[in-house]
Amino acid sequence: MWEGVYIGVTTAVMPFNLLMLFVGCFAGTFIGMLPGLGPVSAVALMIPVTYGLDPSSGIILMAGVYYGAVFGASTSSILINAPGCSATVVTAFDGYPMAQRGQAGKALALAAYSSFVGGTIGAIFLIFFAPMLATVSLSFQSSDYFALMVLGLTAVAAFAGKGNILKALMMCVLGLMLSTVGTDRSNGVERFTFGSIEFIDGLSFLLLAMATFALAEVVMSVMDKSTDAQQSKVNNTSSLGSMKLTKAEIKEVAPTMVRSSVLGFIVGVLPGAGATIAAFLAYGIERNLASAKAKLGFGKGSLRGLAAPESANNAASTGSFVPLLTLGIPGSGTTAVMLGALIAYGIQPGPQLFIDHPDVFWSVIVSMYLGNVVLLILNLPLIPYIAKLLEIPRPILIPLILFFSLTGVYLVSFNAFDIQVMVIICIAAIGLKLLDFPLAPMLLGFILGGMLEDNLRRALLINDESLSFMWERPLTAVIMALAMLALFGQPLLNFIRNRVGQRKEQDVFDSE
Amino acid sequence: MTIAKNRIGGLIFLALSLGYGYSTTLIPMYPGDEYEIFTAKTLPAVLAIIGVFLSLALLISSRDEQKSELPKLDWTIAAKLMGLMVVYGLVLETLGFLIATTLFLLCGYWLLGERRKMLLFFCSLPLVTVFWYGLTQLLDIYLAPGAVLQWMGV
C-alpha cells in the first residue's frame, strides 16, 4: 500500500499536476460560487479541457474542481444565502446568520478548516479502505457487477427523498433508455437511430452532461429573476471581517469536526447517499448532542452548526470515490460525470484500475488530500478577491459559460449537429426540472446502462441462460437483497407506520 | 400558472415509454436471434415495461395531487438564448469559428442587456481570437476556417 501512496505522491507532485490542482481548485471555487452551478456543472464544464491531458492530470484537475466547487458553493451559502449545490444548503443555516452579524470572514475560515478536517479524515480512510475493497472486489463476477449496478441505481432513487423515489427511478430508467441509443455493442445492430448516421455511435456522455448540468442550469438561472437579486447581494459584500478563530472556539468545534467527518465518510461510501444527506445527518446529530442552551443557538449562527455539515460534506465527497475507484460504480452525480470522463480516457474504473493503472488510482487519492491543502492555503486568503470575480456582470458571464459549454462539446466531436442536440436536451432538462424530476439519476442510468447490459448478458451466458444466478450465487443474492431493501424498505416502513397509527386511532376511538 | 406536476410528468413518461416500447419492436434481428435469451431487443423491452409501470404508479399515486404554482420565469429570454444557440450551431461551419463565435457572444451580451460598446467589443473579438489562437496554434487543434472565409480566399 505504501508503495502505491509513493506512486501517487510522485505523480501528484509533478509540477504540471500541481499546476492542474491549483487551476482546478481555483476554477472550481469560482464556478461553485455562482448560484445555480454546483460541483456537477463545474466538473462537466472541465471535461473538454481534460481531454487534452493525460489521465492522471485530467483526473487531478477534476478532483481539484470538485473540491473547489464544494468550497465555492459553501462560500455563496455563507455570503449570500444562495447555496451553489444541495450539499451546502445546511451550511447556510448557520453560516449566513454569522455573515449577517459581520462575521463572514470567521464563517468562511471555519468552513475551510472544517472542510480540511473532513477531507483529511476522508483521505486517510480512503487510503485504507479503497485498496481493501478493490482487493475483495477482484473476485466479483459479472452477476455481482450487474447486482451492484442495480443497487447503485435503486440506492440513488431511495435517497432521493420522500415523494421523489418514483421520479428518481423514472429518471434512472430514462438514462438507461438513452444509453441504448446507437449500435448494440455485442452484435452491431442499430437501435433507436431512426436511420440517422448522427446517432449510430449513440449519444455522447459529454453532450448529455453539458446539456443537462451546464446549459440547463445557466438558462434556468437567466430565467429566474431572483438570481439577479442574489448578485446585488454579492456586490454588497464588501467587507468579510476577521478570519481568525479563538482557541476556545477551536476547542468547541474540534470534536464536532471529527465526529461529522467520520459520519460523512461512511454516508459518502454508500452509493447514492452523497454529501447532501451526510450534511443534513451531521447537522441533525450535532444538534441532538448539544446541550439545551447550545441547541438554541443552532440556526442563529452556531459554530458547531456550521462546522458539522462542512466537515461531513467534504468527507462524503471523498467517500463517494470509494465505490467509483474500487467497483466502478459512481456514488453521486459528480462521480458519475468523472466515471464518464475516465471511460472516455479508455480507463475502466473498478478493481482492475488498482492493478492496471496504479498511478491514476493513487494519484487521485493523494490529490484529494492535496486539494484540501490547496484550498486552505491558497483559496482561503484569496476568498475576498475571488468573491470580487462574482461582480463580473451576468450579461457577460452567461454567454461566456454558454460558449464554453457548446464549444466544449463541439471540440470533441467537430460536429455542429451536436449543438442542436444539446439545445433539444437542454429544453427537455428544463422541463424535467420544472416538473421536479431529479437529473443526476438520469446521468447515472446513462453511464451505467452499457455496463449493466454487458454484465447481464455475460452473466446469463455463464449461467446457461438462466436468471437463477440472482439467488443461487450468495454474493449476488446479498447485493440484490440490499437493492430491494433500498427500494422497498422506506415505503414498507411508511406503510407499517400508517397501519400501526390507524390501529392506535381505532383503539382510541373504540375505548371512547 | 398552476399545474399538477406529477400527473403531467407521469403522462409524458407514459407516452415516452410507449413510444420507446413501439420503437423496440422495430429493432432488426439476425436469423437465429429468436433462439437467444438475450438479444439487442431484450433490455429495451424490459425498460419499456418498467417505464410504463413506473408512469402508471406515479399517475395512480398522484390522484389527489394539488396543483402547484410554477415559479415566475422569464421565458422570452430563454427562447431567445435557445434560438441564438441553434443559429450558432447552424452557421458555425459556414461562417467559421472566429466569425460565428464573435457574433454569438456579441448577440448574447446584447440579448442579456449589455450595451457598453467597449465591453461588448473587448469581450468578443479579442477574447475569441485569443481562444482560437490557443486552440489552433498552441494545442494544434484544427478548426475549419469556414466556407465564407474559404470563398474569400483567406
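Before we move on, is B:LEU47 surrounded by 18 or more Cβ atoms within 10 Å (Cβ to Cβ), without any contact (Cβ under 8 Å) to a residue 12 or more places away in the chain and over 23 Å from A:ILE430 (Cα atoms)?
no
When the range A:370-421 is examined, which residues are found to be more than 13 Å from chain B (Cβ to nearest Cβ), farther than 30 Å from A:THR10 by Cβ, open to solvent by 50 Å² or more (accessible area, probe 1.4 Å) and among the aliphatic types (A, V, I, L, M)?
A:LEU389
Among B:TRP132, B:TRP151, which is the only one that is over 25 Å from the mean Cα position of the chain (by Cα) and either open to solvent by 60 Å² or more (accessible area, probe 1.4 Å) or closer than 27 Å to A:ASP224 by Cβ (or both)? Step through it out loud before you land on a result.
Values: B:TRP132 fails: over 25 Å from the mean Cα position of the chain (by Cα).
The conditions single out B:TRP151.
Among the residues of the range B:141-154 satisfying the criterion of being in a helix (DSSP H, G or I) and in contact with a helix residue (DSSP H, G or I) (Cβ under 7 Å, 6 or more places away or on another chain), which is farthest from the other protein chains (Cβ to nearest Cβ)?
Going through the qualifying residues, I end up with B:VAL148.
What do you reckon, is B:LEU16 exposed (fewer than 13 other Cβ atoms within 10 Å of the Cβ) and not basic (Lys, Arg)?
no
Would you kindly identify the helices (runs of 4 or more DSSP H) lying entirely within the range A:236-354 that contain at least 1 residues that are open to solvent by less than 10 Å² (accessible area, probe 1.4 Å)?
Because the criterion is at least 1 residues that are open to solvent by less than 10 Å² (accessible area, probe 1.4 Å), the helices (runs of 4 or more DSSP H) in the range A:236-354 that meet it are A:247-269, A:274-289, A:303-319, A:321-327, A:333-344.
So A:ILE386 ticks every box in (1) over 17 Å from the mean Cα position of the chain (by Cα); (2) at pLDDT 80 or above; (3) under 22 Å from A:SER115 (Cα atoms) but one. Which box is left unticked?
The number of the failed condition is (2).
I'd like the full set of residues that are hydroxyl-bearing (Ser, Thr, Tyr) and over 21 Å from A:LEU206 (Cα atoms), limited to the range A:333-378.
Once the filter is applied, which keeps residues that are hydroxyl-bearing (Ser, Thr, Tyr) and over 21 Å from A:LEU206 (Cα atoms), the range A:333-378 yields A:SER363, A:SER367, A:TYR369.
Any idea which of (1) at pLDDT 90 or above; (2) over 20 Å from the mean Cα position of the chain (by Cα); (3) facing chain A (nearest Cβ under 9 Å) is the one B:THR101 doesn't satisfy?
Only one criterion is unmet by B:THR101, namely (2).
Kindly indicate which of A:ALA107, A:ALA134, A:ALA112 is open to solvent by less than 10 Å² (accessible area, probe 1.4 Å) and within 20 Å of the chain's Cα centre (by Cα).
Exactly one of A:ALA107, A:ALA134, A:ALA112 is open to solvent by less than 10 Å² (accessible area, probe 1.4 Å) and within 20 Å of the chain's Cα centre (by Cα), namely A:ALA112.
Looking only at residues in the range A:183-205 that are surrounded by fewer than 18 Cβ atoms within 10 Å (Cβ to Cβ) and touching a Lys or Arg at 6+ places or on another chain (Cβ under 9 Å), which one is nearest to A:SER41 (Cα to Cα)?
In this case the residue turns out to be A:THR183.
Need pairs with beta-carbon distance below 6 Å; first residue within 10 Å of chain B (Cβ to nearest Cβ) and within the range A:188-206, second among the hydroxyl-bearing types (Ser, Thr, Tyr) and outside any loop (DSSP other than H, G, I, E, B); sequence gap 6+ or separate chains.
If the second residue must be among the hydroxyl-bearing types (Ser, Thr, Tyr) and outside any loop (DSSP other than H, G, I, E, B), the pairs left are A:GLU190/A:THR183; A:PHE192/B:SER23.
Residues that are open to solvent by 50 Å² or more (accessible area, probe 1.4 Å), within 12 Å of another protein chain (Cβ to nearest Cβ), under 27 Å from A:ASP436 (Cβ atoms) and over 18 Å from the mean Cα position of the chain (by Cα): does the range A:207-224 have at least one?
yes
Within the range B:37-50, does at least one residue satisfy the condition of being out of contact with any Cys (no Cβ under 6 Å at 6 or more places or on another chain), within 30 Å of A:PRO393 (Cα to Cα) and in a helix (DSSP H, G or I)?
No: the range B:37-50 contains no residue that is out of contact with any Cys (no Cβ under 6 Å at 6 or more places or on another chain), within 30 Å of A:PRO393 (Cα to Cα) and in a helix (DSSP H, G or I).
Does at least one position in the range B:81-92 carry a residue that is within 8 Å of another protein chain (Cβ to nearest Cβ), within 21 Å of A:GLY182 (Cα to Cα), open to solvent by less than 40 Å² (accessible area, probe 1.4 Å) and part of a helix (DSSP H, G or I)?
Among the residues of the range B:81-92, not one is within 8 Å of another protein chain (Cβ to nearest Cβ), within 21 Å of A:GLY182 (Cα to Cα), open to solvent by less than 40 Å² (accessible area, probe 1.4 Å) and part of a helix (DSSP H, G or I), which makes the answer no.
Just the residues that are surrounded by fewer than 17 Cβ atoms within 10 Å (Cβ to Cβ) and at the interface with chain B (Cβ under 10 Å from one of its Cβ atoms), please, taken from the range A:455-472.
The answer is A:LEU461, A:ASP464, A:GLU465, A:SER466, A:LEU467.
Among the residues of the range B:109-129, are any open to solvent by less than 60 Å² (accessible area, probe 1.4 Å), more than 8 Å from every other protein chain (Cβ to nearest Cβ), in contact (Cβ under 8 Å) with a residue 12 or more places away in the chain and not in a helix (DSSP H, G or I)?
yes
Among A:LEU53, A:LEU61, A:LEU21, A:LEU37, which is the only one that is outside any helix (DSSP H, G or I) and either buried (at least 24 other Cβ atoms within 10 Å of the Cβ) or charged (D, E, K, R) (or both)?
Step by step, each of A:LEU53, A:LEU61, A:LEU21, A:LEU37 is checked, and only A:LEU37 is outside any helix (DSSP H, G or I) and either buried (at least 24 other Cβ atoms within 10 Å of the Cβ) or charged (D, E, K, R) (or both).
In this structure, is B:LEU138 more than 7 Å from chain A (Cβ to nearest Cβ) and more than 30 Å from A:LYS225 (Cα to Cα)?
yes
Among the listed residues A:VAL89, A:VAL70, identify the single one that is open to solvent by 20 Å² or more (accessible area, probe 1.4 Å), touching a residue at least 12 places away in the same chain (Cβ under 8 Å) and under 26 Å from A:MET257 (Cβ atoms).
Unique residue meeting the criteria: A:VAL89.
Which residues, taken from the range B:20-44, are buried (at least 16 other Cβ atoms within 10 Å of the Cβ), under 27 Å from the mean Cα position of the chain (by Cα) and more than 7 Å from chain A (Cβ to nearest Cβ)?
Within the range B:20-44, B:GLY21, B:THR24, B:LYS41 meet the criteria.
Starting from residues that are in contact (Cβ under 8 Å) with a residue 12 or more places away in the chain and among the hydrophobic types (A, V, I, L, M, F, W, C), keep the ones in the range B:58-80 and report whichever is farthest from the other protein chains (Cβ to nearest Cβ).
B:LEU59
Report yes if A:TYR145 is modelled with pLDDT of 85 or more, more than 30 Å from A:GLU453 (Cβ to Cβ) and open to solvent by 10 Å² or more (accessible area, probe 1.4 Å), otherwise no.
No.
Quick one: count up the residues across the range A:478-512 that are free of Cβ contacts under 8 Å to residues at least 24 places away in the same chain and either over 27 Å from the mean Cα position of the chain (by Cα) or open to solvent by less than 90 Å² (accessible area, probe 1.4 Å) (or both).
Adding up the residues that qualify gives 23.
Looking at the range A:422-454, which of its residues are in a loop (DSSP other than H, G, I, E, B) and either among the charged types (D, E, K, R) or at the interface with chain B (Cβ under 7 Å from one of its Cβ atoms) (or both)?
Within the range A:422-454, A:LEU435, A:ASP436, A:PHE437 qualify.
The values are calculated or read from the model by the stated rules, or taken from the named source; none is laboratory data. Since we're looking at a predicted model, the values are computed, not measured. No Cβ is skipped: glycine too gets one built from the backbone with ideal geometry, and neighbour counts run over all protein chains shown. Surface areas here come from the heavy atoms of the whole protein model, side chains and all, with no ligands, DNA or RNA. Shrake-Rupley method; radii C 1.70, N 1.55, O 1.52, S 1.80 Å.
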